[in-house]
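A short worksheet on the structure shown next.
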Amino acid sequence: MINKTRITKDFFKSFNKRNINKIKVYVIIMFVAMTILSISLYSDNKLLAIIIFSVAIIISIFFMFFYEKILLNQIVKNNDLIKNNAFYEYEFLKDNFTIKLVENNTNIGSITIDYEEVYKISESNNYLYIFVSKAVFYALNMDEMVNGQSSDLKKLLNKKVKKYKIRN
């Protein structure tokens with residue numbers, strides 16, 4: 001089975017979404033805490049307390065709705081892999097699989113991984129995340145199968161890898 005996962009803005013968004021959401025929550029909590037502290041410090045001056053509260057609300061709204069777009073645009077703008085139409089080519093065999101990075105129709109590098117070396121596989125929307133350790137993973141877009149079906153790939157990986165989390 002062969003899969004060619006193109007490196008696009010959606011590719012980065014798929015595995016950065018969790019981290020982006022954590023950052024948003026932390027920033028909003030920080031602004032709420034700062035607002036409460038500021039209002040309690042300036043409780044005698046109602047106008048200043050209202051201004052501080054309003055600024056905190058505006059900044060929180062900004063982070064909720066615009067931070068992700070700005071961050072992803074920076075990633076895309078500064079990423080040569082996206083500009084050069086790069087993709088990961090996954091080839092799944094009986095005992096292992098190979099991942100090749102192809103950029104401008106040139107093979108940049110490849111790695112062969114035995115199924116026993118896979119730490120875990122997590123499934124989310126249309127991506128499979130193949131972890132080789134707690135922090136290192138490869139993202140595979142299941143919609144970009146070239147040879148074979150995504151259901152066949154899931155069955156193979158579920159059989160070969162002990163920790164396989166299927167999205168509910």
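The values are calculated or read from the model by the stated rules, or taken from the named source; none is laboratory data. Here the structure is a predicted model, which is why all the values come from computation and not from measurement. Quick reminder, even Gly has a Cβ in these numbers, built from the backbone with ideal geometry, and neighbours come from all protein chains shown.
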* Structure fact -> Being of a type in the set (Val, Ile, Thr) and more than 22 Å from the chain's Cα centre (by Cα) narrows Ile113, Ile130, Ile108 down to just Ile108
* Given Ile130, Ile113, Ile121, which one is in a strand (DSSP E or B), within 20 Å of Thr8 (Cβ to Cβ) and without any contact (Cβ under 8 Å) to a residue 60 or more places away in the chain? -> Ile130
* Asked: On the given criteria, is Tyr115 closer than 17 Å to Met145 by Cα and at pLDDT 85 or above?
  -> no
* To do: Take the range 123-168 and flag every residue that is touching a strand residue (DSSP E or B) at 6+ places or on another chain (Cβ under 7 Å), polar (S, T, N, Q) and surrounded by 17 or more Cβ atoms within 10 Å (Cβ to Cβ).
  => Asn141
* Structure fact -> Expected single match for modelled with pLDDT under 90 and within 14 Å of Leu93 (Cα to Cα) among Asn168, Asn147 is Asn147
* **Extreme residue, farthest from Lys4 (Cα to Cα), among residues of the range 79-96 that are touching a residue at least 24 places away in the same chain (Cβ under 8 Å) and part of a strand (DSSP E or B)** => Phe92
* Asked: Within the range 64-73, can one find any residue that is within 29 Å of Tyr26 (Cα to Cα) and either of a type in the set (Val, Ile, Thr) or not assigned by TED's automatic domain parsing to the domain that holds Phe31 (or both)?
  -> yes
* Structure fact -> Note: among Phe97, Phe66, just one is closer than 30 Å to Asn141 by Cα, loosely packed, with under 14 Cβ neighbours inside 10 Å, modelled with pLDDT of 80 or more and aromatic (Phe, Trp, Tyr), namely Phe66
* When Lys46 is evaluated against the numbered criteria (1) exposed (fewer than 14 other Cβ atoms within 10 Å of the Cβ); (2) in contact with an Asp or Glu (Cβ under 8 Å, 6 or more places away or on another chain); (3) among the charged types (D, E, K, R), which criterion, by number, is the only one it fails? -> (2)
